[in-house]
1. Determine whether THR204 is outside the structural domain of ALA375 (by TED's automatic domain parsing), of a type outside the set (Lys, Arg), at pLDDT 95 or above and farther than 17 Å from THR38 by Cβ.
2. So, GLY53, is that one small (Gly, Ala, Ser), in contact with a strand residue (DSSP E or B) (Cβ under 8 Å, 6 or more places away or on another chain) and modelled with pLDDT under 95 or not?
3. Looking at LEU202, LEU155, which one is surrounded by 13 or more Cβ atoms within 10 Å (Cβ to Cβ) and within 21 Å of GLY29 (Cα to Cα)?
4. Of the conditions (1) surrounded by fewer than 22 Cβ atoms within 10 Å (Cβ to Cβ); (2) assigned to a strand (DSSP E or B), ALA561 satisfies every one except a single condition; which number is it?
5. In the range 137-150, what residues are crowded, with 21+ Cβ neighbours inside 10 Å and either free of Cβ contacts under 8 Å to residues at least 40 places away in the same chain or assigned to a strand (DSSP E or B) (or both)?
6. Tell me which residues, restricted to the range 442-476, are modelled with pLDDT of 90 or more, in a loop (DSSP other than H, G, I, E, B) and either exposed (fewer than 13 other Cβ atoms within 10 Å of the Cβ) or of a type outside the set (Ser, Thr, Tyr) (or both).
7. Determine which member of the set LEU155, LEU160 is in a loop (DSSP other than H, G, I, E, B), farther than 27 Å from ALA61 by Cα and more than 29 Å from the chain's Cα centre (by Cα).
8. Out of the residues in the range 116-127 meeting the condition of being among the β-branched types (Val, Ile, Thr) and in contact with a helix residue (DSSP H, G or I) (Cβ under 6 Å, 6 or more places away or on another chain), tell me which one is nearest to GLU153 (Cα to Cα).
Amino acid sequence: MTYKTKLSIEYFGASDIGLVRVENQDSFGKYPPDNLDTYSDKGQLFIVADGIGGHAGGREASSLAVETIRNTYFNSGSNDTANSLCNAIEEANKAIHQKAKTSEKFGRMGTTSSVLVLKNNIATIGQVGDSRVFKIENDKIEQLTMEHTQLNEMLKEGILTEEEAKNYPAKSALSRALGMEEKVKVDIIDNISLKHGQTFVLCTDGLSKVNKNEILSVVTQNSPQDSCAKLINLANERGGKDNVTVLVIKINANQTSPKISPVKEEKIKTVETIPTFVGKRRKKSKWLFIIPIFVILLIIGFQFSNSFLTLFNSSAKEENENSNQPLKDDKNLIENDSNNDPLKQANQLLKQGKYEKALIIYQNILEKEPMNLGALEGVNNIAAIYLVKADKLKTEKIFNEALELYLKIQKIQPENMEVRNSISLCENQVKLSEVNPDNKETGYQLKGINQSDWNFINIDKSQYEVDESGIKFLSTAYDKKSLINFNLYDAAFSTDIKILSSSDRSGAGIIFGYNRSESGNGENFYLLKFTGDDYILQMITNNSVKQLLIIPPVNKNRSEANLRVICSGNLINIYDGMNLNSWESSEKIYGKVGIYADKNVQVKFQNILISGNK
């Protein structure tokens, strides 16, 4: 009886948003998560998925791919690893495509996916898209997967030569991705023999700026965890323009085990779920045609050299005269520049700071090629530039200009919740600044903090702090309130709130419509309170509390929120990134506004803006 070495593995995986993108649309996983046994029934499954940037639902697509591939593969009753893996990837494609069809929120959804299964002493790979799988062995690195781009497909079929490929305009345009079509073609690479000393690296295309030799050097000299960290750092040092995800799996010798059946030679096969028809071109010698043509041209050139020189000189003169004429407009520049390559034109306009014109071209490209990664990257770069400018304007409280930029970003990235929140914040601040602007006698606006504007009710000065940035309530054994010194109707109130410490279900918030009862012993007001888990709208009447609404927040941050309330007559509108809800009172809301904190709550209120009519 012969024996073969039994193997064990070391593994680590990591993902990073990069330096440009506003969302990490990569997903990854290793299953089962709680063991590293490759000799179990299904072995070990490793997945990376890269949501297609710029498409709504990229993050959802990559996450759904990982979840569906995992569930389908491990629930399969087949012992054929290659077929089980292929079926799992096909099911992921169906799930993503179906979700996109039934959800108006996401529209088209897409993701790449590279999957590695280690079972017994065999590795199997499934591939769709341009994420990559490498094998390192004996100080050499080999890319096992082909990137499914239009360029690579044309090279594979002989439609383009290597030389022609260098000038191909849409190098990153994908030819395949999960979810974009009803059916997909899956590459399966199977029967890869596992050996002691091998390492497998799975990565999304965010690592494309790091070459194979650099990957080899880093991985052979470091643990899987350190390798992931160093490779991600390298990607970010080179621009960090995309999300990047890296998985590193090292194969080690463990102990001997009984004989295992011989391993077949490593091979690649393509499992097709749709018929494809590709014509093969016969390769003929180009010299049979080129040499006679070249000789004829030499003879003609010799006989008519004077004519050619005259033609050349007149053409050069005409070109020189035309170059001295100024261009009429930027449209001419776009039409004549970069050899009419739309992507190069858009990239040039982007460098020139002509973002609107670049965006139009990028979007035109995406209408024809939805998976053109060059155009997607350009669109996201413009969104990132707009975001930096908008955030700066918001910080400077120039809300109307910030709002214009946020609205532009929303058209590019409609699923971006942070942008939606910023839009609502700026809209609210613009409304606050426009409340009764011409009536100076009755209009009231408060921006910033001036202690003389506030009345701190039954609070010792040692229990609160006031500075230019805001008002801070310290933790006390009783409730805390501070009110402005005017009664207002049609009040609008906005503030950022940060809960520094609290007990269960305690919170802090905004008071509006505050009045003392006729006896002077009771208080009547509305309170919008943030507890970390919910927004709670309460009505306090003569010290009794009635709960009106409970609203779960859009932002799941349990310690920070932006509270915004606009009262209009007897209507209370509550905002959290969007209009969450409204409450209609039986009478017009009139009274003082202010801030509130429960007992045992330490909280800071910042960016306070109040307006209304006296």
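The values are calculated or read from the model by the stated rules, or taken from the named source; none is laboratory data. Bear in mind that the values here come from a model prediction, so they are computed numbers and not experimental data. Neighbour counts are summed over all protein chains in view; Cβ atoms, including those assigned to glycine, are modelled from backbone coordinates with ideal geometry.
1. yes
2. no
3. Going through LEU202, LEU155 in turn, just one is surrounded by 13 or more Cβ atoms within 10 Å (Cβ to Cβ) and within 21 Å of GLY29 (Cα to Cα): LEU202.
4. Tallying (1) surrounded by fewer than 22 Cβ atoms within 10 Å (Cβ to Cβ); (2) assigned to a strand (DSSP E or B), ALA561 fails exactly one: (1).
5. Selection gives HIS148, THR149.
6. If the condition is that a residue be modelled with pLDDT of 90 or more, in a loop (DSSP other than H, G, I, E, B) and either exposed (fewer than 13 other Cβ atoms within 10 Å of the Cβ) or of a type outside the set (Ser, Thr, Tyr) (or both), then LEU474 is the only one that fits.
7. Among LEU155, LEU160, only LEU160 is in a loop (DSSP other than H, G, I, E, B), farther than 27 Å from ALA61 by Cα and more than 29 Å from the chain's Cα centre (by Cα).
8. The extreme case among them is THR124.
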